[in-house]
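Participant: Quick one: this structure, given as structure tokens, is what I'll be asking you about.
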Amino acid sequence: MSHNIEGKVVVITGASSGLGEATARLLSAQGATVVLGARRADRLQALVDTLTAQGGKALALPTDVTQCAQVQCLVDAAVEQFGRVDVILNNAGLMPHSPLERLKITDWDRMIDVNIKGVLYGIAAALPHMQRQKSGHIINVSSVAGHKVRPGSAVYAATKHAVLALSEGLRQEVKPYNIRTTVLSPGAVQTELVDSITEPDIATAVRQIYEMAISPDAFARVVAFAMAQPDDVDINEILFRPTRQEL
Ligand SMILES: NC(=O)c1ccc[n+]([C@@H]2O[C@H](COP(=O)([O-])OP(=O)(O)OC[C@H]3O[C@@H](n4cnc5c(N)ncnc54)[C@H](OP(=O)(O)O)[C@@H]3O)[C@@H](O)[C@H]2O)c1
């Protein structure tokens with residue numbers, strides 16, 4: 001089903017590791033042009049060099065998604081270099097779990113800034129181009145935590161519930177422009193996400209839960225599935241987990 005992937009210009013935020021990196025690798029192998037944003041410029045450039053050496057088309061732009069102008073530059077670079085933006089994967093995120101009573105306000109602010117505002121800035125950057133093109137696909141990353149709240153995950157879950165709400169509102173509003181919208185809600189996937197937990201005891205507990213986490217390639221395949229559908233088919237929401245995940 002790679003016919004609707006080849007030749008597409010795909011912007012990916014949070015492409016320096018985990019789900020974003022795996023998706024960049026898979027889509028590039030299937031003939032997409034990938035435009036990659038994250039803060040760690042060295043990791044992004046190494047990935048671009050690898051994809052280019054394999055015959056792919058890729059561009060890296062250091063991007064902090066909490067800065068609206070930087071996200072705009074990332075999407076504009078895709079349009080300037082490759083003529084259009086077909087897909088944006090608003091993927092950058094972090095998950096510093098902790099009980100509310102520990103008052104980790106800096107962590108709360110970072111989650112709101114990256115997980116919610118970063119997604120909004122991605123939408124703001126891509127939407128005018130896609131409206132003009134009368135085509136496009138906006139893919140946002142929520143989580144199982146966008147569906148379920150547990151002690152210690154309240155703020156992260158709130159940000160991922162917000163991504164679900166934004167995605168549903170967006171879905172309804174962009175119909176006149178022939179733009180597709182997808183929100184993906186993964187369960188535990190083996191990435192660097194747990195490293196964003198700042199409380200050592202919580203990090204240890206979450207690492208144990210993540211022993212059954214699945215490969216980021218599973219996420220990349222889900223993105224490819226949504227993209228590869230014919231243009232008149234809009235995969236709006238996918239929730240998936242490791243087979244062994246109870247929550
Ligand atoms: N892994 C899971 O189990 C899981 C489950 C459900 C949902 N998710 C969601 O999946 C997404 C990707 O996470 P992951 O699991 O792949 O974790 P990861 O390996 O830690 O990757 C997170 C990515 O986000 C980027 N990022 C963080 N802050 C950023 C900022 N201010 N500006 C730009 N990029 C930023 C990081 O790049 P830099 O540090 O280089 O900026 C990195 O590329 C997140 O939204 C996460 O909530 C993950």
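Participant: Filter the stretch 2-13 down to residues that are in contact (Cβ under 8 Å) with a residue 40 or more places away in the chain and over 19 Å from VAL119 (Cβ atoms) and give me whichever is farthest from the chain's Cα centre (by Cα).
Facilitator: That would be HIS3.
Participant: With respect to SER142, is the statement that it is touching a His at 6+ places or on another chain (Cβ under 9 Å), under 23 Å from GLN70 (Cα atoms) and small (Gly, Ala, Ser) true?
Facilitator: When the stated conditions are applied, SER142 passes them.
Participant: To continue, here is another question. Using the structure shown, decide if SER16 is crowded, with 21+ Cβ neighbours inside 10 Å, more than 14 Å from the ligand (Cβ to nearest atom) and free of Cβ contacts under 8 Å to residues at least 40 places away in the same chain.
Facilitator: no
Participant: With respect to THR33, determine if the residue is of a type in the set (Val, Ile, Thr), more than 15 Å from the ligand (Cβ to nearest atom), on the phi < 0 side of the Ramachandran plot and surrounded by fewer than 23 Cβ atoms within 10 Å (Cβ to Cβ).
Facilitator: So THR33 does not fit the description; no.
Participant: Quick check on my filter: what residues within the stretch 61-78 are without any contact (Cβ under 8 Å) to a residue 60 or more places away in the chain, away from the ligand (no atom under 11 Å from the Cβ) and of a type outside the set (S, T, N, Q)?
Facilitator: Scanning the stretch 61-78 gives CYS68, ALA69, CYS73, ASP76, ALA77.
Participant: Ok, one more. Contact list please: Cβ distance under 9 Å, first residue in the stretch 231-247 and more than 15 Å from GLY146 (Cβ to Cβ) and surrounded by 15 or more Cβ atoms within 10 Å (Cβ to Cβ), second residue of a type in the set (S, T, N, Q) and modelled with pLDDT of 95 or more, pairs at least six apart or on different chains.
Facilitator: Pairs found: ASP234/THR181; ASP234/THR182; ILE235/THR182; ILE235/GLN229.
Participant: Just for helices (runs of 4 or more DSSP H) wholly inside the stretch 114-228: which have at least 2 residues that are within 22 Å of THR23 (Cα to Cα), in contact (Cβ under 8 Å) with a residue 24 or more places away in the chain and more than 15 Å from the ligand (Cβ to nearest atom)?
Facilitator: Hits in the stretch 114-228: 118-133, 216-228.
The values are calculated or read from the model by the stated rules, or taken from the named source; none is laboratory data. Everything quoted here is computed from the prediction, not taken from an experiment. Note: ideal-geometry Cβ built from the backbone for every residue, glycine included; neighbour counts use all protein chains shown.
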